[in-house]
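To start, the structure under review is shown below, and the notes come after it.
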Amino acid sequence: MLSTKKNIRSLFLLALTVVFTSLPQKSNTMPEFQQELKVISTTESYKNTTLSDTNQLMIALRGFLTPFYTDFKYATRQNFTNEVLYTQPEPYLRLPAARALKNALSILKSKGLTLKIYDAYRPYSVTKKMWEIVPDERYAANPSKGSSHNRGTAVDVTLVYLKTGVELEMPTEYDNFTTKAHHTNQQLLKKVVKNRALLKRVMEQAGFVPLNTEWWHYTFKGSGEQFQLLDLDFSQLKQVAKIWNN
């Protein structure tokens, strides 16, 4: 009897093995970035997204905001990759983010200050290059998700004096990937903490959300994935971006 039960149990286990091994196996291979995400890479596709929703418009900040300064580090080799990542940059943001940044500028101008923009929209292809250099989501966007910069809803900024363009002292230089650049870092001179707090307060008041690990990075609140990723270079954007005057 015992032997019979043992044989039945063995046959049952064998049957289970046959069933499970015959099932389709889930692949562990990660799909390519472009298969996971929809990335707009033609001006025609971009235009189509704006037809029924003006919030999708990319706005040229020059002429929309005034005054502000720029220092596009990624258009030089003076950045963490030591490579030129794009050429002939201009600052662009989606319409709601551009309006929010305009509000921030209004607050700052009343204090004798304005913004210096290090980066705003950047093409998706640039985000992929950055990830190859720094594959760490604390400091670089994972291309499998895309960046708020690629969506036109993020801006990297610092404070400068309105009349001179001289930067206020901040915790670190731009793109410093250490804990010294974190908003929680208090091991700083009082005036530096004050400057960082002022930038954060004004940007939050205008509708932006800070990134804890980078004192310079702000994303328009609530933008999420309502804006698709773009991989248009600056020459393409110059052709199609809206010059908004109100």
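The number of residues in region 102-140 being among the charged types (D, E, K, R), outside any helix (DSSP H, G or I) and within 26 Å of T178 (Cβ to Cβ) comes to 6. Can I59 be described as among the aliphatic types (A, V, I, L, M) and either crowded, with 18+ Cβ neighbours inside 10 Å or touching a helix residue (DSSP H, G or I) at 6+ places or on another chain (Cβ under 7 Å) (or both)? When the stated conditions are applied, I59 passes them. The numbered conditions (1) more than 28 Å from I133 (Cα to Cα); (2) surrounded by 13 or more Cβ atoms within 10 Å (Cβ to Cβ); (3) not small (G, A, S) are all true for T164 except (2). Just to be sure, is S125 more than 23 Å from the chain's Cα centre (by Cα) and either under 28 Å from E173 (Cβ atoms) or at pLDDT 95 or above (or both)? Answer is no for this residue.
Going by the structure shown, is T87 of a type in the set (V, I, T), closer than 24 Å to T172 by Cβ and more than 17 Å from the chain's Cα centre (by Cα)? So T87 fails the test.
Report whether or not T219 is crowded, with 16+ Cβ neighbours inside 10 Å and among the polar types (S, T, N, Q). Criteria met by T219. Against the list (1) of a type outside the set (K, R); (2) free of Cβ contacts under 8 Å to residues at least 12 places away in the same chain; (3) buried (at least 19 other Cβ atoms within 10 Å of the Cβ), the condition G152 fails is (2). Scanning region 167-197 for residues that are touching a residue at least 40 places away in the same chain (Cβ under 8 Å) and either part of a loop (DSSP other than H, G, I, E, B) or within 23 Å of P96 (Cα to Cα) (or both) returns L168, M170, P171, T172, Y174, D175, F177. Kindly check whether there is at least one residue in region 54-64 that is β-branched (V, I, T) and at pLDDT 50 or above. Within region 54-64, one or more residues are β-branched (V, I, T) and at pLDDT 50 or above.
The values are calculated or read from the model by the stated rules, or taken from the named source; none is laboratory data. Since we're looking at a predicted model, the values are computed, not measured. Counting neighbours? That spans all protein chains shown, and the Cβs are built from the backbone with ideal geometry, glycine included.
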